Ligand code: BG6
């Protein structure tokens, strides 16, 4: 494997961070005027099995002590999201909810106290439920107006103290998961048409918000963040190599191509048109897409896939992937025999991380920001009252080391944010699938005292931040 001999590593001012999202940590799901989001309603449907968003990690009431822990860890950045429904409980309210705005003022005050850079996501899976009930959410263009209004309020209120903004978290994943957008249509063809119309509206909304941010907060940087799920060819058979390329395009690059180049790439148009899914464009949509340019690309990285050619006439396309996307005539997924997987089957691939960083940077020549990277497991509180999560330390160490190599090879990385700072409600598997550097002492249904206990990985990452690399740790 090609190694870069220049060991210098991370630049001065590199933002070593950690990440969370509002609905997964805050709790207080109906407090101080907050409205219900689709993330709340989806989680409440499974309250009997999994922890829901009602309390989560109760960050809403513990943010002060949690930020003290962030300072102890030495965090340079904290990536979190604003809960859209704290600011506009219904999504289309005339006035914003002052109590909701005040909560994030207080969070920002605390971060400022300890010199932690906020990286703020505007929308992380939690659109107001009312907007879906009123007009179908992103299926309707009015949603663009309502999202832009919400973003404007955030820029007005926090624009003088937030330097890094993220528009939409994982639009490419969200659009493939019915529950994240509350897609109720059952007819498969209509459902796909709605899905791609929603995607189009999110692209427009993202572009409008980037332009707005550039106008209102000239000193700030803004970009989207997406789920980067790259594929290797399962073999060197040319059809498999093409399958991996198709998968990369239809999972990842169609999204970043639209963001960076401001138009639908031809391969994506063809794919949508072949299936009768190309969205309706209104007058001026091309200009909106072309008129916005992100300052950086954020991405979340957990795993890679291996793709092979999938025959057109396959009977049961095998859905081995998180995005539930397999395209007969193009690709499907197989297990990669060279990689180990987590207990949840997520294939661990630090070298793939390096490759992803290189590919993204070479394709767009834009700085990148890692907004999530981490490992979800059933952590156990040991008898000594600690959490010995060596597996997470290994995961983080190997990824940080591969990121360093990419940085040495010239990739401009703005920030690396571990998912997650705290244990939280996983977007698919409740509270038992733990990602945090800090353990939250609760089970799916027993809240106990919600004590905060730093894991071994917390102390490992503390050393990484202090010395600016994982070398020798
Ligand atoms: C990303 C999301 O998809 O991955 C997070 O941005 C999520 O919200 C994380 O928690 C891990 O996924 P999961 O399903 O294990 O929680």
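Here is a list: 359, 412, 372. Which entry is modelled with pLDDT of 95 or more, surrounded by 16 or more Cβ atoms within 10 Å (Cβ to Cβ) and away from the ligand (no atom under 14 Å from the Cβ)? It would help to see each step written out before you state the result.
Values: 412 fails: surrounded by 16 or more Cβ atoms within 10 Å (Cβ to Cβ); 372 fails: away from the ligand (no atom under 14 Å from the Cβ).
Of the residues listed, the single one that is modelled with pLDDT of 95 or more, surrounded by 16 or more Cβ atoms within 10 Å (Cβ to Cβ) and away from the ligand (no atom under 14 Å from the Cβ) is 359.
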Practice problem: Would you check which residues across region 424-464 are within 13 Å of residue 374 (Cβ to Cβ) and modelled with pLDDT of 95 or more and list them? | Solution: 424, 433, 434, 435, 436, 437, 438, 455, 457, 458, 460, 461
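State whether the residues of region 335-353 include one that is under 21 Å from residue 124 (Cβ atoms), at pLDDT 95 or above and within 16 Å of the ligand (Cβ to nearest atom). Before you say what the answer is, go through the steps one by one.
Filtering region 335-353 for residues under 21 Å from residue 124 (Cβ atoms) gives 344, 346.
In the following step, the residues that additionally are at pLDDT 95 or above were identified as none.
Scanning region 335-353, I find no residue that is under 21 Å from residue 124 (Cβ atoms), at pLDDT 95 or above and within 16 Å of the ligand (Cβ to nearest atom), so the answer is no.
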Practice problem: Quick one: residue 379 ticks every box in (1) within 14 Å of the ligand (Cβ to nearest atom); (2) surrounded by fewer than 16 Cβ atoms within 10 Å (Cβ to Cβ) except a single one, so which number is it? | Solution: (2)
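What are the residues in region 72-101 that are closer than 28 Å to residue 454 by Cα and away from the ligand (no atom under 16 Å from the Cβ), if any? It would help to see each step written out before you state the result.
Here is the first cut: in region 72-101, the residues closer than 28 Å to residue 454 by Cα are 72-83.
Residues satisfying the conditions are 72, 73, 74, 75, 76, 77.
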Quiz item: Looking at (1) assigned to a strand (DSSP E or B); (2) away from the ligand (no atom under 12 Å from the Cβ); (3) under 24 Å from the mean Cα position of the chain (by Cα), which is the one condition that is false for residue 469?
Solution: (1)
Quiz item: Taking region 92-121, which residues are closer than 20 Å to residue 166 by Cα and either surrounded by 19 or more Cβ atoms within 10 Å (Cβ to Cβ) or in contact with a strand residue (DSSP E or B) (Cβ under 8 Å, 6 or more places away or on another chain) (or both)?
Solution: 100, 103, 104, 107, 108, 111, 116, 117, 118, 119, 120, 121
Quiz item: When the residues of region 53-87 are filtered to those that are under 12 Å from residue 425 (Cα atoms) and either out of contact with any helix residue (DSSP H, G or I) (no Cβ under 6 Å at 6 or more places or on another chain) or modelled with pLDDT under 95 (or both), which remaining residue is surrounded by the fewest Cβ atoms within 10 Å (Cβ to Cβ)?
Solution: 54
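Those residues that are within 12 Å of the ligand (Cβ to nearest atom) and part of a strand (DSSP E or B), I need them from region 422-452; list them, please. It would help to see each step written out before you state the result.
Here is the first cut: in region 422-452, the ones within 12 Å of the ligand (Cβ to nearest atom) are 422-436.
Within region 422-452, 422, 426, 430, 434 meet the criteria.
Take residue 199 and tell me if it is surrounded by 19 or more Cβ atoms within 10 Å (Cβ to Cβ), within 15 Å of the ligand (Cβ to nearest atom) and farther than 29 Å from residue 106 by Cα.
Working: surrounded by 19 or more Cβ atoms within 10 Å (Cβ to Cβ): yes; within 15 Å of the ligand (Cβ to nearest atom): no; farther than 29 Å from residue 106 by Cα: yes.
Against the criterion (surrounded by 19 or more Cβ atoms within 10 Å (Cβ to Cβ), within 15 Å of the ligand (Cβ to nearest atom) and farther than 29 Å from residue 106 by Cα), residue 199 does not qualify.
Looking at region 130-143, which of its residues are touching a residue at least 60 places away in the same chain (Cβ under 8 Å) and either within 20 Å of the chain's Cα centre (by Cα) or under 15 Å from residue 194 (Cα atoms) (or both)?
Once the filter is applied, which keeps residues that are touching a residue at least 60 places away in the same chain (Cβ under 8 Å) and either within 20 Å of the chain's Cα centre (by Cα) or under 15 Å from residue 194 (Cα atoms) (or both), region 130-143 yields 132, 137, 138, 139, 140, 141, 143.
The values are calculated or read from the model by the stated rules, or taken from the named source; none is laboratory data. These numbers were taken from a predicted model, which means no experiment stands behind them. With ideal geometry, Cβ positions are generated from the backbone for all residues, glycine too; neighbour counts draw on all protein chains shown.
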